[in-house]
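Only one structure is covered here, and it is reproduced in the block below.
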Amino acid sequence: MSLQTVRNVVLLFSNPSWSGGHSVPSTILRNITALSSQIAYSEDLLGNITTLSTTSVSTANGVVQGLLYVPDLPINDSCEELAATYIPPNVTRQINLPTTNYNLIALAPWINASCTQSFLASARLDPLRAMLVYRPDDDSSQPPDVDDEAWDLGDLGAWKISNRYPVYAIPGASGNEMMRQLSLYSGDLSEVPFSDQIITAYSPNPADYVRVWTELTVVTISKTLPLWAFILIILGVIVAVIGGTSLLMHFVQSRRRAALRRRVMRGEVNLEGLGIKRLTVPTKHIKTFPLFTYNYDPPVPSPTTGNFPQGKGRRSSEVSCTPVSLRNDARNEKIDSAMDYQPACLICLEDFESKRTIIRELPCGHIYHPECIDEFLGQLSSLCPSCKSSMLPPGYCPKITNSMVRREFGTRRLRSRGGAVIHVDVERGRQGLSSWSSNMKKHIWRVSSPKPDDAVDLQVVSLQEQPRAGRPSTVGTTRDRMQDLIVPVDETNSDDGRPPWKRTALKVFPGFR
């Protein structure tokens, strides 16, 4: 319990008497300060009080009160002479108080460790409720804190728990004034200040007492937190857990986005091929794909053996001023193996005319009309219409979102469990095309009729009638054909297709699904 205020007033007490063979105890007759403040001492000390110990503070209404006095030092005590410097000789002692067993409040100067120990030991013999101490100076500021070395008595603080009463420190100026007032209100009724006015106003018995009464207002400092503090702590913990979890999940998702971005840039992941994100190829990059003049010489059977010669099925020349003789042999071999027989554009289904049609070759080896493939790659899809290889520039990567990370992670989990997952890239597209062209060449050579027109017609029919996995082929305009050739991308699984509350939750906790 902490002391908040000290209030001193002057009371008129009756003298104990005998009546009918019985002692009539002293009673409080008047509160002179409350009735006539101009003829009695009063003092209110608000704040500037330090609580040194709280031993045995028991109060129901927060008020500790009693008669103010100065404890007597033992006879021949070494501090008696030193204390006389700060304590007037006629100060109120216990002998000057009414004999009735009133509660007492002690007042003593904190001179040194030895003298203070003597005052504390003397007060333990009296019916004390509290003790006020002060440093004998004129300082009106708050005394030092309880842990200050000024209150060290050399017993490691044992004095704080050995007493049966609490001890409070007041400013030195207030202590000196209280000590002076105790010296004025220690005698009989005729010796106190304003004795004539008191006698005239209240007509007391000459044997009555006029003494200083002290009230201490204490506040209980609960060791348990109030309910609102518990609520704030719980809310703080919840916010901290939610915030920490959100930050951790954002950090993890940022690392996953960075990892997926690196894999996409290295060509390990085809976002559109997996149905995760619709992409298009920049026009500038499309223009870097080479243009050629379609050149196909039908195989002529040998007049002696009847077999087709083992020559190249067709040749293509770049639309440029570069001579054919300067072409790289390795490039000719790649063109011959990857594009051995492509008589028609897969987008518009129109036949290529030998030595007249301009074609554009993709990195995977497939050829198309420039106007068809440019529109397809630039506006609809970044994948080759035939082998679904990615045509994006090396190192290109779109903005990676948490939705892409989740869907790509789900695809990898499905793949690890043995599920059917479509994965395409440039190298596999080239291998598939080479195998297809080799088989087609063998099929053409097995045709009974050696007519080249029949061979071309057969191939065109096979391309038109080849069914697409997942849905039937469509016959219509070129744009309809383009729509039929693109890889389906399920946009409904993206974050945009989720309810608003779920999108908000995913922004806070990006790792949840």
Q: Only residues in the range 113-125 that are free of Cβ contacts under 8 Å to residues at least 60 places away in the same chain count as the first member; pair them with residues that are open to solvent by less than 40 Å² (accessible area, probe 1.4 Å) and of a type in the set (D, E, K, R), Cβ under 9 angstrom, at least 6 apart or cross-chain, and list the lot.
A: 115/77; 118/77; 122/77
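Residues are listed down the side, and each one gets a yes or a no for (1) modelled with pLDDT under 85; (2) closer than 18 Å to residue 169 by Cβ; (3) touching a strand residue (DSSP E or B) at 6+ places or on another chain (Cβ under 9 Å); (4) surrounded by fewer than 18 Cβ atoms within 10 Å (Cβ to Cβ):
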residue	(1), (2), (3), (4)
49	no, yes, yes, no
75	no, no, no, yes
87	no, yes, yes, no
96	no, no, yes, no
Q: List every residue pair whose Cβ atoms lie under 6 Å apart, where the two residues are 6 or more positions apart in sequence or sit on different chains, the first residue falls within the range 25-42 and is within 16 Å of residue 7 (Cα to Cα), and the second residue, located anywhere, is in a helix (DSSP H, G or I).
A: 40/32; 40/33; 41/181; 42/33
Q: Among residues belonging to the range 474-492 that are part of a loop (DSSP other than H, G, I, E, B) and surrounded by 14 or more Cβ atoms within 10 Å (Cβ to Cβ), point out the one that is modelled with the lowest pLDDT.
A: 489
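For the range 150-194, which residues satisfy the criterion of being assigned to a loop (DSSP other than H, G, I, E, B), in contact with a Lys or Arg (Cβ under 7 Å, 6 or more places away or on another chain) and surrounded by fewer than 21 Cβ atoms within 10 Å (Cβ to Cβ)? Explain how you work it out, then say what you get.
Restricting attention to the range 150-194, the residues satisfying the condition of being assigned to a loop (DSSP other than H, G, I, E, B) are 152-158, 163-166, 171, 185-194.
Okay, now just the ones that are also in contact with a Lys or Arg (Cβ under 7 Å, 6 or more places away or on another chain), so 163-165, 185.
Those that are assigned to a loop (DSSP other than H, G, I, E, B), in contact with a Lys or Arg (Cβ under 7 Å, 6 or more places away or on another chain) and surrounded by fewer than 21 Cβ atoms within 10 Å (Cβ to Cβ): 163, 164.
Could you check the range 214-238 and list, in sequence order, the residues that are in contact (Cβ under 8 Å) with a residue 40 or more places away in the chain and either of a type outside the set (A, V, I, L, M, F, W, C) or open to solvent by less than 90 Å² (accessible area, probe 1.4 Å) (or both)?
Within the range 214-238, 214, 215, 216, 217, 218, 219, 220 qualify.
Being assigned to a loop (DSSP other than H, G, I, E, B) and modelled with pLDDT under 85 is the filter here, so list the residues in the range 383-425 that pass it. Steps first, answer last, please.
Our first condition is that a residue be assigned to a loop (DSSP other than H, G, I, E, B); within the range 383-425, this holds for 384-389, 391-401, 417-425.
Once the filter is applied, which keeps residues that are assigned to a loop (DSSP other than H, G, I, E, B) and modelled with pLDDT under 85, the range 383-425 yields 417, 418, 419, 420, 421, 422, 423, 424, 425.
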Q. Within the range 239-288, which residues are open to solvent by 60 Å² or more (accessible area, probe 1.4 Å), of a type in the set (S, T, N, Q) and outside any helix (DSSP H, G or I)?
A. 288
**Q.** Unmet criterion (only one of (1) open to solvent by 40 Å² or more (accessible area, probe 1.4 Å); (2) more than 20 Å from residue 216 (Cβ to Cβ)) for residue 146
**A.** (2)
Q: Kindly provide the set of residues from the range 86-109 that are among the polar types (S, T, N, Q) and either in contact with a His (Cβ under 9 Å, 6 or more places away or on another chain) or in contact (Cβ under 8 Å) with a residue 40 or more places away in the chain (or both), ordered by number.
A: 90, 92, 96, 99, 100
**Q.** Enumeration of residues in the range 386-416 that are more than 17 Å from residue 259 (Cβ to Cβ) and free of Cβ contacts under 8 Å to residues at least 40 places away in the same chain
**A.** 414
**Q.** Subset tally (residues that are outside any helix (DSSP H, G or I) and either buried (at least 21 other Cβ atoms within 10 Å of the Cβ) or among the hydrophobic types (A, V, I, L, M, F, W, C) (or both)) for the range 195-207
**A.** 1
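For the range 191-213, name all the residues that are small (Gly, Ala, Ser), within 21 Å of residue 92 (Cα to Cα) and in contact (Cβ under 8 Å) with a residue 24 or more places away in the chain. Quick ask: steps written out before the conclusion?
Here is the first cut: in the range 191-213, the residues small (Gly, Ala, Ser) are 195, 201, 203, 207.
Going one step further and asking which of them are within 21 Å of residue 92 (Cα to Cα), we end up with 195, 207.
Correct list: 207 only.
Yes or no: the range 126-144 includes at least one residue that is closer than 30 Å to residue 25 by Cβ and either among the polar types (S, T, N, Q) or outside any strand (DSSP E or B) (or both). Before the answer, list the steps.
Pass one, the range 126-144, residues closer than 30 Å to residue 25 by Cβ: 126-132.
So of that shortlist, the ones also either among the polar types (S, T, N, Q) or outside any strand (DSSP E or B) (or both) come out as 126-127.
Yes, that holds for at least one residue.
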Q) open to solvent by less than 80 Å² (accessible area, probe 1.4 Å), under 19 Å from residue 181 (Cβ atoms) and either at pLDDT 90 or above or not in a strand (DSSP E or B) (or both): does that describe residue 67? A) yes
Q: Using the structure shown, decide if residue 61 is open to solvent by 10 Å² or more (accessible area, probe 1.4 Å), without any contact (Cβ under 8 Å) to a residue 24 or more places away in the chain and within 54 Å of the chain's Cα centre (by Cα).
A: yes
Q: Might you let me know whether the range 343-357 holds any residue that is touching an Asp or Glu at 6+ places or on another chain (Cβ under 9 Å) and not in a loop (DSSP other than H, G, I, E, B)?
A: yes
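The values are calculated or read from the model by the stated rules, or taken from the named source; none is laboratory data. Predicted model, so just to flag it, every value in this text is computed and none were measured. Glycine also receives a Cβ, built like all others from the backbone with ideal geometry; neighbour counts cover every protein chain displayed. These area figures cover heavy atoms from the full protein model, side chains too; ligands, DNA and RNA do not enter into them. Shrake-Rupley method; radii C 1.70, N 1.55, O 1.52, S 1.80 Å.
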